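The structure appears right after this line, and notes come after that.
The values are calculated or read from the model by the stated rules, or taken from the named source; none is laboratory data. Note that the coordinates shown come from a computational prediction; the quantities given were computed from them, not determined experimentally. FYI the Cβ positions are ideal-geometry reconstructions off the backbone, even for glycines, and counts take in every protein chain you see.
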Amino acid sequence: MRGRELPPSSPFAGDDGSADPALTGVLARYAGGDAALAEVVAALAPTRVLVPVLAELEAADVVEHDGQAHTVDKEASAGIVALRTPDGRTALPVFTGVDAMTRWRADARPVPTAVPRAALSAVAEGWEVLVLDPAGPVTVALPRTAVYALAQGLAWEPAVRDGEVADDVRAAVAGALAGVHLVVHAEAVPGTRAEVAVRLALPAGLDRAGLDRVLAQVNDALAHDPVVAARVDSLELRVRSA
C-alpha cells in the first residue's frame, strides 16, 4: 500500500511517497546489526523525507517510540510536531515514506523535504535529534552531531567507532583540558551513560568546593572546544585521584 500521493505542487511532484530502496536496504542491515549508524546517516543524506503535519492535535499528545511513551508537542503556527525523547531532548520525527508515516499516525499529512533542509529546520528550532520512522519498521534516532552535519551537507563521523574514540576527539579533549588548573591527566574513552567518557586524574585531598570548581572549569573548557562540540553528542566525567 502506498498511501496518499504527495502534493502535486511540491518540487517532489511525481514522487509516489515510497521509501528510497537503497536507504531501506541499509536500514534492514542496521536492524540486523550488519550496518553502523554512520552508514544509515550516509544513505539518508541524499534522500527526501516526509515531515508530518497534523491538522488536529491537542497541546500535548503521547506516541510510542522504542517501547516508551513520548510527549508530542504541537507548533501552533504550522502543526509541526516534535517528539520528547526518553532523555528529555526534543526530536523532529521524519519518515522514509508514506507507509511508515501512516503506521505512526494515519491523520498526518506528508510534507516532502530534502534531508538537509529537514535537519536545518530542526537545528533552527533548537531540536537536537531526528527520529526516523518512529513507528517502524526500523526506527533510528540520529544524534545532535549527525543532525548538525546533515544540516551543513557534511559527512558525519561518530565520535566512537568500533569501540574506540576517534583520534581527533581524543586529541581535542586532551588539548582542551591541558590548561585547566589541577587536571593532572585527561583522556577520552567510550562512555556508558554517555557517548564519550572523560577520565580525569585530579590531586588527592580536594574538598567538595575545590572539586566543584575544577569540574566547572572542565565542563566549560570542553563546551567551548569546537571539535568536541561538533563531534561529541554527550559526555560523562569520571574522576580519580592522581
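For segment 111-152, enumerate the residues that are over 14 Å from Ala45 (Cβ atoms) and either basic (Lys, Arg) or free of Cβ contacts under 8 Å to residues at least 12 places away in the same chain (or both).
Result: Ala124, Arg144.
Residues in segment 37-56: is at least one crowded, with 19+ Cβ neighbours inside 10 Å, at pLDDT 75 or above, basic (Lys, Arg) and under 19 Å from Ala118 (Cα atoms)?
Initial filter on segment 37-56 (crowded, with 19+ Cβ neighbours inside 10 Å): 40-41, 43-45, 48-52.
Those still in the list that are at pLDDT 75 or above too: 40-41, 43-45, 48-52.
Of the ones still in play, those that are also basic (Lys, Arg) are 48.
Checking which are under 19 Å from Ala118 (Cα atoms) leaves us with 48.
The answer is yes; a qualifying residue exists.
Answer yes or no as to whether Val173 is within 13 Å of Val239 (Cα to Cα), assigned by TED's automatic domain parsing to the domain that holds Leu237, touching a helix residue (DSSP H, G or I) at 6+ places or on another chain (Cβ under 9 Å) and in a helix (DSSP H, G or I).
So Val173 does not fit the description; no.
Which residue out of Ala124, Ala100, Ala91, Ala108 is modelled with pLDDT of 85 or more, among the small types (Gly, Ala, Ser) and under 24 Å from Arg161 (Cβ atoms)? Give the steps one after another, and end with the answer.
Details: Ala124 fails: under 24 Å from Arg161 (Cβ atoms); Ala100 fails: under 24 Å from Arg161 (Cβ atoms); Ala108 fails: under 24 Å from Arg161 (Cβ atoms).
Just a single option satisfies the conditions, and that option is Ala91.
Tell me which strands (runs of 3 or more DSSP E) are completely within segment 177-242 and hold 3 or more residues being basic (Lys, Arg) and closer than 20 Å to Ala159 by Cα, or say none if there are none.
By residue number, no strands (runs of 3 or more DSSP E) qualify.
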